Amino acid sequence: MSSDVPFVDPGTATLDFDQIMVESILLAKLIGLFVAIALVPLTVVFFFGGRSGLGLLFTLLAQFILATGSGVVLVYVVARGISLAGDGD
């Protein structure tokens, strides 16, 4: 899968859909991980403490998890892009 230009098949000069799918699946799994983790406190809020102080705490926790997850995903995308471009060797 090493090509001069990321996501381009060097033989045909067209998009390499296999590499695009592999990278998309990895990114979707990482995003799904943080969404699944954030759903735990949101589920607690939904079923048990919608308007209480504890509900507010769990809502803030879920938002913190999503914000942290967004940062991790952005760092992953940048690091993976550098790795694919070959500048990180």
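Numerical summary
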read-out	value
Rounded tilt (10° steps) of 17-47 against the dominant C-alpha axis of the chain	0
Spin-label model distance (nm) - LEU66 vs LYS29, 7 Å beyond Cα toward Cβ	2.5
Tilt relative to the chain, helix 53-85 - C-alpha long axis, 0 to 90 degrees, to 10	10
Cα shape, the chain, gyration tensor, a/c 1.5 rule	prolate
Relative contact order for the chain, counting Cα pairs under 8 Å that sit 6 or more residues apart, in percent	26
Extreme residue, positive dipole direction of the chain, given options PHE47, SER24, ALA13 (C-beta unit charges)	PHE47
The chain - charge dipole about Cα centre, Lys and Arg +1 at Cβ, Asp and Glu -1, debye rounded to 20	760
Chain lengthening between VAL40 and TYR76 when straightened (0.36 nm per residue, less Cα-Cα)	10.6 nm
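Readers should treat all values here as calculations from the given coordinates under stated rules, not as data from a laboratory. No experiment lies behind these values; they were computed from the predicted model shown. Here the Cβ is made from the backbone with ideal geometry for all residues, glycine too, and neighbour counts use every protein chain on show.
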